[in-house]
Every structure is written in C-alpha cells, then in structure tokens.
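The values are calculated or read from the model by the stated rules, or taken from the named source; none is laboratory data. On a predicted model such as this, the values are computed, not experimentally measured, just so you know. Methodologically, a virtual Cβ is constructed for each residue, glycine included, from the backbone with ideal geometry; neighbour enumeration extends over all protein chains shown.
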C-alpha cells in the first residue's frame, strides 16, 4: 500500500489533496486499517500532511525545502532489515492523548528536577567520567529500594530501562533463540527482542498474572533460558502477580536453568496501598535479574535506570556496557542522587499517587457512562493505563485509526501480543492527558465514533 501511495504522490504537486481513505480502500481493495497505517507512515516520513476534517495533502518536496538529496538508494541497502518498531506519529492539533507510556508533564516534579540538576552541576567532579557501574551513592539507593540482601555491588546503573532491556536480551540469549513473555506484554520488550534477532514466545496470563503451570510447559517445550515479566502493575493489564505465584514463578525459572528478568518499571506508580517486594529481594542464587528506571515517575528525560544481577551474568553485562556506551552520563547520575535524597522526592511520589488514583477512577467512570459495551478488564491499583476489551467483531486497529482521525489517540491491543491476540483490546492511558477534564472529553469523542466495521 505504501508503494502505491508513493506512485500516486509522484504524479501530484505539493498541496494537492489525496483521495479519501474510503476511495483508497475501494481503489486498492484493502481495509481501512491498511490505508490508515500507510498514510501514517508517509506522514512520519514527511511525504504527506494530514489535516483532521480536511484530508491528506502532499507535503512540500525536499527540493522545495532547500534540500534536494536523494536517499532512495537506502531502500535497497536496508532490504531485509526490519526496524521492529514504528516511530511515533505526532498527534494532530486538539487531539487528546490516551496513548503513550509517560505521565503528562504536569505530573512531573519539574521544580525538584531543576533544583536537583542545578545542585548536581555544582558538585566537584560533576563532569568527570563516571564509574562503569555507576556512582556509588546512586547504586546504594537502588539497592535499598530492591531490599533483601541486595547490595550496591549488585547494581549496574543504566541509561533508562529500554536500553538496559536491549542489553539484557543481547547479553543472555544468542541470536535466533527464544524469549518467553507474558501475553500480552510491553511492546518495547517485543521490539527489543526482535531487534536482537530473538523469538518472543507467549505464556498465557490470567487475573493473577502469568500462569506457573503453563510457564513450566513453555520452558520444557522451547528450551528457553530467559523469561521477561512484569510482576507489579503489568503493562498493559495492570495485573499484580498473586502472592501464591510469585515464588512459584521464580522456582519454575530456576528449575529450567533460566533467568527471569523482572521489569519493575511501575514500582513508584502505585495508587496507594502496600506493594509486594520485588522478586529479586528474595532471590538467593541469581535467577532474577531486576530492571528499574526513574523515567516513569520523574521524567522521560531523566534517563537513569538500574540492572540488579549476581554472578557471571553481571560480568557479561559489564562487557556489554563497554561495547555499548562505556558509562551513563555523570551529570544525570548526580542529579538523580540529589533528587532521590531530598524530601521533595517522597512528596512528589505521594502527589503522583493521588493524581493517578483520581485519573484512573475518572477514566473508568467515563468509560462506564459513555461506552458501557466496552469491558474494563480490571480496575488497577497502580500503573498508568486501563486495559479494555472491545466487543467481539470490532477491529482494534481500525478503531484506533478512526479514533485518531476524530481527535483521540489510543493504543490498539494487537501490538501487545507476542503471537495471536486473544481478542480485540485497547490500552488507554489516564496519565498522558493534560488534565482530568480531557479524559471525559476523550470518552465523549470515542462514543461518537461511527460503528467500527468487523
């Protein structure tokens, strides 16, 4: 479809309007979702400009913008290499974001971050090379957060969670090897695994989290040596792994001679109430590799995270660090130490918890009022999202495309599954919008969408 649209654009002038999506579906005998994805890709590449309510128009050619470079040869040079993840498409003006993985900037501790960065810049040696494993005070803070017998020597500071996840996959599993994952799971983990040449394989989960019986079967059938899971406020479902399963899951991985990567991204995103301790806090022999990050509760630009591991795998991760980036930027590490060491951080976490709890309840209530035929799978006690089951016969990708055209960005559920989806779902963020009033406006717009074709 993208190739066909490029041919169409070649015969048009900048500013010309493309045929409507309905015309293109009829002309090319494809579905609306295929047309929407193709247009989104061309918009991301700068070939077209979409104007909600008006249509899609040919963008100015590179030569018209003072460029003129021809990079078409790269299509041949890159043949056979899949990017594994689509770049985000900018929201149209006036759209409400119920998508994305970070809280809105109004929920970030902007003043505390600015003060921490200013103090960090004045520290002696702030611009010296940082130790490979990270600053000792920061490692100690991450170790204290993990609890149990974890020490600072078990901590490797990283540049956020996503890069650390990519490093873990490459360090542990050989290209072509399998990686077990909950189904559904975090799309960034799927993209990182596939970019490393690995095969993500699903393990079903239910209301209590990943199922230990099916996990044991999956290890036996695939020979996998790595499980990636999110035991606390799982993305996208919000599930917390049940107490009776937590030790079981670790024991199953241990019996298989496999590692368990515990992605604890939501440790600071609870809505109030007690949290279970990280799996790594009770691990005795290095089965669990713990992954955490400050980007969700603080800011996307505070690219500071940590990997907690023991034994030979940590030495291998040190080796990967020398290949990838040597160390994490010291000023950011110094700023993280300043932020986490002040009372402002605890105050921010309490404020964030209350705001997320309020927004979660509000979005759930708006869905029940405006879209009662959608099924909320659970009311989560933490995290940033609601996981919603759509009526049978509705295509989640088609609905997501239609929602964007009507001013609401949502995440189609299909991309969260390592294999075939178990049904049509949407992930709806209650944290990405500017304010609570935007959540109510978003559900009103979603309720006004025309019926989605099956």
Of the conditions (1) closer than 20 Å to residue 234 by Cα; (2) part of a loop (DSSP other than H, G, I, E, B); (3) at pLDDT below 95, residue 284 clears all except one; give me its number. (1)
Pull up region 321-340, narrow it to residues that are touching a strand residue (DSSP E or B) at 6+ places or on another chain (Cβ under 8 Å) and either at pLDDT 95 or above or in a helix (DSSP H, G or I) (or both), then point me to the one that is farthest from residue 112 (Cα to Cα). 321
Confirm whether residue 139 is over 25 Å from the mean Cα position of the chain (by Cα) and modelled with pLDDT of 80 or more. no
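Residue by residue, here is whether (1) surrounded by fewer than 21 Cβ atoms within 10 Å (Cβ to Cβ); (2) touching a helix residue (DSSP H, G or I) at 6+ places or on another chain (Cβ under 8 Å); (3) outside any helix (DSSP H, G or I) holds:
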| residue | (1), (2), (3) |
| --- | --- |
| 133 | no, yes, yes |
| 144 | yes, no, no |
| 167 | no, yes, no |
| 179 | no, yes, yes |
| 182 | no, no, yes |
| 192 | no, yes, no |
| 197 | yes, no, yes |
| 200 | no, yes, yes |
Can you say whether residue 389 is surrounded by fewer than 22 Cβ atoms within 10 Å (Cβ to Cβ) and in contact with a strand residue (DSSP E or B) (Cβ under 8 Å, 6 or more places away or on another chain), as far as the supplied structure shows? yes
Sole residue being in contact (Cβ under 8 Å) with a residue 24 or more places away in the chain, surrounded by fewer than 24 Cβ atoms within 10 Å (Cβ to Cβ), out of contact with any strand residue (DSSP E or B) (no Cβ under 7 Å at 6 or more places or on another chain) and closer than 16 Å to residue 280 by Cα, chosen from 148, 163: 148
Being in the same structural domain as residue 425 (by TED's automatic domain parsing) and modelled with pLDDT of 65 or more narrows it down to one residue among 53, 101; which is it? 101
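Would you call residue 442 without any contact (Cβ under 8 Å) to a residue 40 or more places away in the chain and either within 13 Å of residue 366 (Cα to Cα) or touching a strand residue (DSSP E or B) at 6+ places or on another chain (Cβ under 7 Å) (or both)?
Judged against the criteria, residue 442 is not a match.
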Kindly list the number of the only condition in (1) under 25 Å from residue 317 (Cβ atoms); (2) at pLDDT 95 or above that fails for residue 239. (1)
What is the residue count in region 347-376 for residues that are touching a residue at least 60 places away in the same chain (Cβ under 8 Å), over 30 Å from residue 111 (Cβ atoms) and surrounded by fewer than 16 Cβ atoms within 10 Å (Cβ to Cβ)? 1
Going by the conditions given, is residue 246 in contact (Cβ under 8 Å) with a residue 12 or more places away in the chain, closer than 11 Å to residue 288 by Cβ and surrounded by fewer than 23 Cβ atoms within 10 Å (Cβ to Cβ)? yes
From the list 171, 114, exactly one residue is out of contact with any strand residue (DSSP E or B) (no Cβ under 9 Å at 6 or more places or on another chain), farther than 25 Å from residue 342 by Cα and in a helix (DSSP H, G or I). Which is it? 171
Screening 428, 352, 367 for residues that are under 25 Å from residue 294 (Cβ atoms), outside the structural domain of residue 145 (by TED's automatic domain parsing), assigned to a helix (DSSP H, G or I) and modelled with pLDDT of 95 or more leaves only 352
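Count, please, the residues in region 1-21 that happen to be assigned to a helix (DSSP H, G or I) and surrounded by 12 or more Cβ atoms within 10 Å (Cβ to Cβ).
So the answer is 7.
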